[in-house]
Amino acid sequence: MAEAAGWRRCSSCKTPIDFGAACWVCNVSTCNRPRTGLVFCSSTCWDAHLGVVYHRESYAIERRSPSRAEWEREQRAAGAPAAPAPGEREARRSVAPSAPRPPPAPRNALPRDVLIVITKLKSYVRARAGMNTSDRVVEPLSEAVRRLTDRAIDKARAEGRKTLLERDFEES
């Protein structure tokens, strides 16, 4: 959602970028995905992000940010709410109640995805013991991580927190 001060903020220095202003984007597709959408206020800010992302070959593309009318039209087409008028954002924030958190899903309804990066595990075992690792190790190890995480969730919930901390994983 746009800030009242401008269209978006620079992904590097967080300076507001006005509607219809010059801005820079990275030519690399991963920097331009809808959820990532990196945009920079100057080529210097674009250059600063290279130290973080390590692109092989990249360059900055100069663009013009959309006008307010264009941006609102894009938001309506995407089904997102339009930018609030100046001062309206604060009013919404103070009136709108926070959404209640959904109840925890039953354990059997949770996704059974692999929670372990097998290549990292195999590299560790080979470096530590010079042994090979079967691909079938992943499921029982993921299950052990789920049990450990469930205990940590219960501990955090008992302490009235909604954030897991490293101390929740320590054995008592």
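Per-structure values
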{"quantity": "110, 115 arranged by Cβ crowding within 10 Å, fewest neighbours leading", "calculated": "110, 115"}
{"quantity": "For the stretch 107-169, size of Cβ-based charge dipole, Lys and Arg +1, Asp and Glu -1, in debye", "calculated": "80"}
{"quantity": "Amide H partners (placed H, <5 Å) of residue 8, local residues excluded", "calculated": "17"}
{"quantity": "Values of log10 I(q)/I(0), in the order q = 0.26 Å⁻¹, for the stretch 115-172 under a Debye, Cα-only, solvent-free model", "calculated": "-0.96"}
{"quantity": "Efficiency of FRET between residue 35 and residue 131 - r from beta-carbon atoms, R0 30 angstrom, step 0.05", "calculated": "0.15"}
{"quantity": "Neighbour-count ranking [beta-carbon atoms within 10 angstrom, fewest first] of 18, 135, 168, 154", "calculated": "135, 154, 18, 168"}
{"quantity": "Sequence of 118, 61 once ranked by neighbouring C-beta atoms within 10 Å, starting from the fewest", "calculated": "61, 118"}
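No lab work stands behind these numbers, since they all come straight from the coordinates. Because the structure is a prediction, the values reported are computed rather than measured. Glycine gets a Cβ as well: all are built from the backbone with ideal geometry, and neighbour counts include every protein chain shown.
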